[in-house]
Amino acid sequence: MSNMAQPRTAANATQDLGRAKTGKIFLVGAGPGDPGLLTLRGRECLEKADVVVYDRLAGDELLRFAGAGAEMIYVGKQSSNHTVPQGEINEILIQKALEGKNVTRLKGGDPYIFGRGGEEAEYARRHGVEFEVVPGVTSAIAGPAYAGIPLTHRGYASSVAIVTGHEDPAKEVSSINWKNLATATDTIVFLMGMENLGGIAENLQAHGRQPTTPVALVRWGTTVDQETLTGTLDTIVDLAAARQFGSPALIVVGEVVSLRPVLSWFEQKPLFGKRVVVTRSRAQASALSEALHEYGAEAMEFPTIEIAPPPTFDALDAAIDRLGEYDWVIFTSANGVEALLTRLRDLGKDVRALAGCRLAAIGVQTAAALEARGLKVDYVPSEYRAEAIITGLSDAEIRGKRFLLPRAKEAREVLARDLAARGAQVDDVAAYITVTGQAEARAAELREMFAQGKIHVVTFTSSSTVRNFVKLMGVGDIGGLLRQATVACIGPITADTARELGLHVDIVAGEYTVNGLVEALVAHFAS
Ligand code: SAH
């Protein structure tokens, strides 16, 4: 017995070692473009990957899920123009896995629908490398869905085919059996078919499909650039030529296309088609980005600001030492809340140090930051600007009272001055500083997009976002660069700064909050 156990254990050990040394390949579907359509498992694979190998059609947004240390390899595969030949991609996947790395191969749509995922998996198997497949939402289904076209429907279609429209031009005999295909299924979706649209329309009609059959072309489906064109088999070629309708697009053929006028939803969203630049810090951007996305816009995050500790904590620490003496602590931003409470912790204290103070918050988000830390806010002025705090408090609440304002080093001094003018004792203390964000790398790309009119809106949520944005863009004529874009500011002070720096301001939110800003955008584009 022990004789047999010995070699088996050894073998297991070698095998385990081998497994620990060789990485695994995850063939992950990125979905059709809308980042929200990545699966949970796909996100997990990105988060855990040592190496990410990705396509052009697998959106940049998703790459943010990869860890900071992951190696990112772009293999820029396009429908007819493989920047990196397939053989080389296969080789990269295997090599990295053999180096012991977990490789996430991110592919547009679903990896097994015309994604050559099958070939990559075969190659892995042949080289003894383990792989897993994470299906994705294919553009063949999602594109039509976002265009208001269900591929099947009880009243219209009970079958669907997904077909490649791109055939090797050198092929003598088509691999597509047009005779059988033309009338076999109620709905037919062609991918990679735009260059061959004429041939597709012709073949289908030649083999028995009615010339009046509805057809839809969906370009950049599920993204901010989505465009849909409808016609019939005998009109679509001319319509597409007139509109210069190009790739990447899919072709839907069948009666279901006629449901589009009733079922269109994505293209009806109030901010559909708008690419909106969000200039706030990465930490604060998501609330705005999510609200924009909800209304159909694409948020392009370009963080012009990051929060950093002040050059010295002396003033803040001194204030913390005598926290008990303050009647009021006024927070003007969520960053101030974060900064003060973090510093309290660093000094070995916690929120109990604030026990004797009354707390005021300017803006709902600031109040929410306090509430999230278990602190009840005593006063939130009805208006979201610093000046409003003065009018809301009575003389008795201000005169002779001690106020602490933990704020950005470069914040405006109006509030402290006005409080002092009414007899308060004010300590205006730098709790953090704002520094120019890490957006330099993307500035060139952004300038290019502005010049091409691809950016429709720029949002500013504070004067410092405006100043840093202008600095980062680094052009003499910022007004000229943004000529085609709509400029939206969260409030009048931010708008003043924008105008001073040479921008035309189109929108100033009536309510100085993220939601107010988004509502103002919606109203602007509705009119
Ligand atoms: N595996 C991918 C398809 C790859 S083939 C999937 O499952 O979606 C590439 C073709 O897919 C393109 O030529 C185009 O026809 C189609 N396609 C991909 N993304 C698209 C999108 N967002 N909108 C419309 N068509 C798209």
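Does ALA216 fit the bill of being surrounded by 23 or more Cβ atoms within 10 Å (Cβ to Cβ) and either closer than 17 Å to GLY165 by Cα or not acidic (Asp, Glu) (or both)?
Details: surrounded by 23 or more Cβ atoms within 10 Å (Cβ to Cβ): yes; either closer than 17 Å to GLY165 by Cα or not acidic (Asp, Glu) (or both): yes.
Yes: the conditions hold for ALA216.
In the set (1) touching a helix residue (DSSP H, G or I) at 6+ places or on another chain (Cβ under 9 Å); (2) closer than 24 Å to THR494 by Cα; (3) not charged (D, E, K, R), ALA308 fails one condition alone, (1). Just one of the numbered conditions (1) touching a Lys or Arg at 6+ places or on another chain (Cβ under 8 Å); (2) buried (at least 21 other Cβ atoms within 10 Å of the Cβ); (3) in a loop (DSSP other than H, G, I, E, B) is not true of ALA66: (1). Only one of the numbered conditions (1) closer than 28 Å to GLU195 by Cβ; (2) in contact with a Lys or Arg (Cβ under 9 Å, 6 or more places away or on another chain) is violated by VAL137, and that is (2). Among the numbered criteria (1) more than 28 Å from ASP378 (Cβ to Cβ); (2) free of Cβ contacts under 8 Å to residues at least 24 places away in the same chain; (3) surrounded by fewer than 21 Cβ atoms within 10 Å (Cβ to Cβ), which single criterion is violated by ALA299? Result: ALA299 passes all but (3). The set of residues in the range 199-218 being more than 16 Å from the ligand (Cβ to nearest atom) and closer than 22 Å to LEU229 by Cβ consists of GLU202, ASN203, LEU204, GLN205, ARG209, GLN210, PRO211, THR212, THR213, PRO214.
Does SER281 fit the bill of being surrounded by fewer than 20 Cβ atoms within 10 Å (Cβ to Cβ), in the same structural domain as LEU446 (by TED's automatic domain parsing) and at pLDDT below 95? No, not satisfied. Looking only at residues of the range 458-479 that are surrounded by fewer than 18 Cβ atoms within 10 Å (Cβ to Cβ), small (Gly, Ala, Ser) and over 13 Å from VAL505 (Cα atoms), we find that the one that is farthest from the chain's Cα centre (by Cα) is GLY476. Considered as a group, the residues in the range 95-143 that are in a strand (DSSP E or B) and within 16 Å of the ligand (Cβ to nearest atom) include one that is nearest to VAL257 (Cα to Cα), and that residue is GLY109.
Kindly evaluate GLY479 against the criterion of being farther than 20 Å from GLU290 by Cβ, at pLDDT 90 or above and either among the charged types (D, E, K, R) or not in a strand (DSSP E or B) (or both). It is true that GLY479 is farther than 20 Å from GLU290 by Cβ, at pLDDT 90 or above and either among the charged types (D, E, K, R) or not in a strand (DSSP E or B) (or both). Of note, ALA70 satisfies the criterion of being of a type in the set (Gly, Ala, Ser) and more than 16 Å from the ligand (Cβ to nearest atom). When LEU263, LEU233, LEU259, LEU288 are screened for being over 30 Å from PHE114 (Cβ atoms) and more than 16 Å from the ligand (Cβ to nearest atom), only LEU288 passes. The helices (runs of 4 or more DSSP H) found entirely in the range 217-304 that carry 3 or more residues being farther than 27 Å from LEU197 by Cβ are 282-294.
Output yes when any residue across the range 161-178 is more than 39 Å from the chain's Cα centre (by Cα) and either of a type in the set (Lys, Arg) or surrounded by 15 or more Cβ atoms within 10 Å (Cβ to Cβ) (or both), and no when none is. Looking for residues that are more than 39 Å from the chain's Cα centre (by Cα) and either of a type in the set (Lys, Arg) or surrounded by 15 or more Cβ atoms within 10 Å (Cβ to Cβ) (or both), one finds at least one in the range 161-178, hence yes.
Note on the range 343-392: among residues that are of a type in the set (Ser, Thr, Tyr) and in contact with a strand residue (DSSP E or B) (Cβ under 9 Å, 6 or more places away or on another chain), the one that is farthest from THR434 (Cα to Cα) is TYR379.
In the set LEU359, LEU370, only one residue is buried (at least 16 other Cβ atoms within 10 Å of the Cβ), in a helix (DSSP H, G or I) and modelled with pLDDT of 95 or more; that residue is LEU370.
For THR187, state whether it is away from the ligand (no atom under 15 Å from the Cβ), buried (at least 19 other Cβ atoms within 10 Å of the Cβ) and within 23 Å of GLY29 (Cβ to Cβ). Lay out the reasoning, then the answer.
Values: away from the ligand (no atom under 15 Å from the Cβ): yes; buried (at least 19 other Cβ atoms within 10 Å of the Cβ): yes; within 23 Å of GLY29 (Cβ to Cβ): yes.
The answer is yes for THR187.
Residues of the range 455-475 that are more than 27 Å from SER333 (Cα to Cα) and at pLDDT 95 or above: ILE455, HIS456.
The values are calculated or read from the model by the stated rules, or taken from the named source; none is laboratory data. Here the structure is a predicted model, which is why all the values come from computation and not from measurement. Backbone-built Cβ (ideal geometry, glycine too); neighbour counts: all protein chains shown.
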